[in-house]
1. Using a 1.4 angstrom probe, figure out how much accessible area the protein assembly as shown has per residue, in square angstrom, rounded to the nearest whole.
2. Rounded to the nearest 20 debye, what is the charge dipole size of chain B about its Cα centre when +1 sits on each Lys and Arg Cβ and -1 on each Asp and Glu Cβ?
3. How compact and how long is the protein assembly as shown, expressed as Rg and Dmax of its alpha-carbon atoms in Å?
4. Points 7 angstrom from Cα along the Cβ direction at B:LEU262 and A:ARG51: gap in nanometres?
5. Mind checking which of A:HIS106, A:HIS366, A:HIS354 has the largest fluctuation in a GNM of chain A, springs on alpha carbons under 10 Å?
6. Go ahead and run the numbers for FRET between B:MET133 and A:LEU334, Cβ-Cβ distance against an R0 of 51 Å, rounding to 0.05.
7. Please give the Cα centre distance for region A:35-50 versus region A:203-254, rounded to the nearest Å.
8. Run the simple label-point estimate for A:ASP203 and B:LEU247 please: 7 Å along Cα→C-beta, distance reported in nm.
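The values are calculated or read from the model by the stated rules, or taken from the named source; none is laboratory data. It should be emphasised that the depicted structure is a prediction, and the values quoted were computed from it without experimental measurement. Cβ coordinates were reconstructed from backbone atoms using ideal geometry, including for glycine residues, and neighbour counts include every protein chain displayed. Side chains are part of the model used for accessible areas, which takes the heavy atoms of the whole protein and leaves out ligands, DNA and RNA. Shrake-Rupley method; radii C 1.70, N 1.55, O 1.52, S 1.80 Å.
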Amino acid sequence: MTSLWLAWRTTKRYRVRAMLAIVGVAVIGALLFDMLLLSRGLLDSFADLLRSAGYDVRVVAGEGLPIVRLPIAGAARLAADLRALPEIRDVVLIRIERATAQAASHTARTITIVGTTQTGGGPYTIVKGDDLPTSASSLDRCPVLVSRRLAASLDVGPGSSLQVSVRPEGIRSALPSIACRVAGVVNFYFAAAGEDSVATTMDALQDALGVPADAELILVASRPEAGPAAAVRAIERLRPDLRAYSNEAVLAQFNQNGFAYFRQISLVLSSLTMAFAFLLVATLLTVSVNQRLGEIAALRALGISRTRIASLLLWESALLVGAGAVLALPLGGLLALGLDRLLRQMPGLPDRLHFFVFQWRAVIMHAMLFAVTAAAAAGYPVWLATRLPIAATLRREVVG
Amino acid sequence: MIGSRVRATVVAVALGAALASASDSRPGPHLPSVLLSRQLAARAHVSVGDSVTIAIDPAGTRAVTVRVAGIYEPTPDPLRFTAQRLEAHMHLPDLIALVADPADPGSREAVDAINVKLTDPNDAGRFASDLRMRSPAVTVTPTNRTRDDDPFAVLDRFHVAISIVTVVGATAFLLALMVIRAEERRETIAVMRLIGISRRSLIAAVAVEGLLIAVLGAMLGVVIAFAAEGLVNRFFQARYDTALVFLRVTPSIAARSIAIALPLGLAAGVGASWPLLRGDILSLFRR
C-alpha cells in the first residue's frame, strides 16, 4: 500500500473533520486567490482601458490640478504643429463639458458631452447606427453619439433629434440649445456607471458653447519607429508649459498613487490568509497525529520506515490543502465577481474598469503558495511522528 | 446665501529641494515668510529662521529669498497618502508676486481655487448653482460628500465583505477543532450518560465550553489587534512618510468582534457534540 493510498484511507476515516478542513482551506484559499487577482487586476484593467483609445501620449495644461482640467491655450494651432512633428502620427483634441439633453416629451437629463476631433473609431463600441462623420463630409451641424443608457432613457436612436444645451441642470443660462442628430448609439469605454454621455465633433461643441473653446486634453499617437518617449520629448520641446505623459508614465503614476491602497491590502490579506491556512492545517494534522500516536507506533513496530510515515503525513496534508486549493479557484472566481461589483460602485469609475482580472500568473502563484503551505503545515506533525519512541508509546497506549 | 468668510489657501506644491535651499545670507528685516512641510524641510535641511530662495522653476527664474517662519505637518489625506508632501504655504500676495507674469496684468488677479465656508452648510447645492449661474466658467465643487459619492463608503463595504469571508473560514476551522475535541471525549460522554447525567446538562456543558473558547479566542484576537495597531501604523507611516492613521481598533469594533464570536462558538460547540449527545449510549462505546 502506497503512502498516498494510506493517506487517502485515513482522510476517509475522519471524513467530517477532513470535510471541514477542506471547506476552511477553500474559503481562505478563495480569499487568497482574490487578493492575488487584486494585486495587479486594477492596473492591468487600467492599462487595457488606456490602450483601447489607440493613443499613447496625453497632453494636458501644465498648471492643471489632477481633478480640474484646464483649457490648453492655442490648442488648434498646437495640434497642427504636433502633426508636423516626425515623431507623431495622429493628434486628437478633446474637451469635456456638463450639459443637458432633451428629446421630445422627455424630461431633460444632465449629461457629460465630449467634443472630439477624432472620427472613425474612438474609445467606444458602436451598438447601433454610425460613427461621427468627418466634418468635411458632413452637412449635420451637430451629429452625436449617445450612450446606450441615455438612448434608452430618452427613447432615441440613430436619426432621432436631440436638443443639447451646454449648462448643468437647474442653472439658468443665456446659451441657446442646439438641435443635434443622433448618429449612433455606443458604449463609451471611459464613461462611469450611471453616467449619461454624449460625444460630438469639436465644431459642434464650440457651437453649443457659443465661443471658440480650447481643448482640455490632446491625445497623441506616436509613430511606431519613434515611440511614445520620443513623442513626449518632442512635445515638451515644442510647448514646455504643457505636460505630456506616455501611457506607461500614466500607469506608473497610477501604480504609485491610486493603486497603492489595493496593492497594500492585497499583500496584507494574502499574508494573513496564508498564515491562517497554515495554522488550520497544521493544527488539524497535529491533533490528528496526537490521536493516532498508538497507531503510528504500531506501524513503526511493524517495520514501516520513518520516511514512509513522514510521506504519509505529507500526503494527508497535501490531500487536505490540495482539495481546498482546487475548490478555492471556482469559489474565488465567484467571490471576485461579487467583490468587483462592490468596488465598482466607487463614484466616477469608468464602467470598463475592473479590480479583479483573471491572470494565469495568479493561478500559478496560488498553487505554489498552497504547496508551500501544505509542506510547512506537515512539518511539526512529521517531526512528532518520526521522533516517536515506539516501545514507550505502545506501552502507554496499552496501560492507558 | 454667500458664506460669511472666504478663505484663499495657496499652496506651492512640490517645490523640491532644488528650489528651496538654505541661503548663506542673513535674514533681512522684511523678508516674506514661508511655512514648509516637515518633509520638505527635512529634505532641504532647513529649519525655522533660515532664509531660503524660492523660484518658479529649477533654473531659478524670478528667485526670491524668504524666511522659514515655521514647519508644519501636512494634514493627512487618505486619497494622497502615497504622494510626497513637498509643500510650502505662503501669504497669497507673496506668492502672486512670485508667480505672476509681468507681461500679463490679469495674472495678478488670478488664483487656482477659492475655499468658501458657508454660514449654513446645507446651502452648498444652492450656493453652487447660484455661483455657476453668475460665473459659468467657474467649477464649483462641494467638499462634503454624501454616502453615495464617497469612495470610503465603498471601501467600508469591501472590508465588511472580506471580514464576512474570513468569519466563514474561521467558523469551518473552529467547527473542525470542536469535532476533533468531541471525538476525543466520545467515551467520557458515554460514561457520563450511563451514570445518569442528563442530555440537557451535557448540552449546557458543551455550550458553556464553546462560549468560553469563543470569548477567550475573541479577546485574544482583540488583544492581538490592539498590539498590531501600533506596529501597522508605525510601519506604514514610516513607509509613506505621513501622519495618516491606517488602522484604528475602536471599542465598538472590539465589541462587534466578540458579539460575532459568541454565537459562532456556541453553535460550533453544540453542533460538534450533538451527534454524541443524541445518539444511542451503546453506539458511543462502538457496540
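1. Values: 35980 Å² over 687 residues.
Ligands and nucleic acids excluded, the result is 52 Å² per residue.
2. Details: 30 positive and 25 negative charges, 274 e Å.
The calculated dipole for chain B is roughly 1320 debye.
3. For the protein assembly as shown, the Cα radius of gyration and maximum Cα-Cα distance read 33.6, 104 Å.
4. My value for the distance between the label points is 5.5 nm.
5. Per the Cα network of chain A with a 10 Å cutoff, A:HIS106 tops the list.
6. That gives a FRET efficiency of 0.55.
7. Each part's Cα centre sits 24 Å from the other's.
8. If labels sit at A:ASP203 and B:LEU247, their model points lie 6.1 nm apart.
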